Amino acid sequence: MPTLLLISVIPVIILCFYIYNKDRDKEPGNLLRKVFLLGMASVIPILLLELFVNYFISTSDNFNLIGLFIATIVGVGLIEELFKWLVVYKTVYNHKEFNHSYDAIVYSVFSSLGFALVENIAFVIMNGVGVGIFRAILTVPSHACDAVIMGYYFGLSKQEEYKGNQKKSNRYMLCSLIYPILAHTIYDYFIFADRPLFYVLFIVFIIILYMLCFKIVRKVADNNYNFDGTPATHKSTDEIRILPGEGPQKNVNSLESAFYAVNNTLFFCLAAIIIAIIILLTLY
């Protein structure tokens, strides 16, 4: 039992430390603990809602591939990411400590990994060391990656709000929920489909997702300006280029490159799923 607990907890601690350590202007411990604990508590409504939804549409049923995708996005991706999103939005989004684009990534990851900790302990205790190792390498980091994407778009939303562009802020707010749901669904769908081709796509997806999120974390953490245009408390090694009329809070290297990377990567993965579905439906 102690070994299983260690396998469950260690990846969560490592990822929380990594994300926290990248924040040059540390967030208050009491707020981080609150977000993490609420993430843990979100397991209860998530579990109840998933049981309810899966009573009507379950990923374990013998669906065709399109039906399986619908069951995965509705019964897993939407429910889990929605509650993680609500924790961050209700607790942090309008808090005075949320004043820099990287802050949203920190809080989103802590919310997500709070949930992942409880889920991981349950799965590992029930299924053993092998499952624990698999989840430590793939599942827990994928929860963190979903949260990085969520936090990135939360940051963009708040930045546009400071600039007075509420319409654009609302669009990024929607992205902060839709893209993590999509990423989470793709991860689970490849596993649930249980087809050789999908396992290959799963590996490709994971590699791209990890590379993308490492890039986002590094770039956004090095953004030199708070939302209100005041200098952050650290200096970036990146060259800062300001677009005319955008104001000092716009770090083009940090934000725009990651924005396009997120969009291109997720749309590529979605296209890969569609192509794979067409091929398999043709073969079977």
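The figures follow:
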quantity	calculated
Pairs where the first residue, in segment 59-73, is closer than 15 Å to Asp188 by Cα and at pLDDT 90 or above and the second is of a type in the set (A, V, I, L, M, F, W, C) and assigned to a helix (DSSP H, G or I), C-beta under 7 Å, 6+ apart	Thr72/Phe192; Ile73/Ile181
First in segment 141-167 and acidic (Asp, Glu), second anywhere and crowded, with 24+ Cβ neighbours inside 10 Å and assigned to a loop (DSSP other than H, G, I, E, B), Cβ under 9 Å, 6 or more apart	none
From Val12, Val53, Val76, Val88, residue being assigned to a helix (DSSP H, G or I), in contact (Cβ under 8 Å) with a residue 40 or more places away in the chain, touching a Gly at 6+ places or on another chain (Cβ under 8 Å) and β-branched (Val, Ile, Thr)	Val88
Candidates Ile203, Ile186, Ile149, Ile191 - the one that is within 24 Å of Ile79 (Cβ to Cβ) and surrounded by fewer than 21 Cβ atoms within 10 Å (Cβ to Cβ)	Ile191
Whichever residue in segment 116-138 is touching a Phe, Trp or Tyr at 6+ places or on another chain (Cβ under 9 Å) and touching a residue at least 40 places away in the same chain (Cβ under 8 Å) and, among such residues, is surrounded by the most Cβ atoms within 10 Å (Cβ to Cβ)	Gly132
Condition met for Ser176 (buried (at least 17 other Cβ atoms within 10 Å of the Cβ), at pLDDT below 90 and of a type in the set (Ser, Thr, Tyr))	no
Complete set of residues in segment 27-50 that are buried (at least 18 other Cβ atoms within 10 Å of the Cβ), part of a helix (DSSP H, G or I) and among the small types (Gly, Ala, Ser)	Gly39
Among the candidates Leu49, Leu86, Leu138, residue that is of a type in the set (A, V, I, L, M) and within 30 Å of Gly229 (Cα to Cα)	Leu86
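The values are calculated or read from the model by the stated rules, or taken from the named source; none is laboratory data. Computed from a predicted model, the values in this text were never measured in an experiment. Using ideal geometry, Cβ is built from the backbone for each residue, glycine included, and neighbour counts are taken over all protein chains shown.
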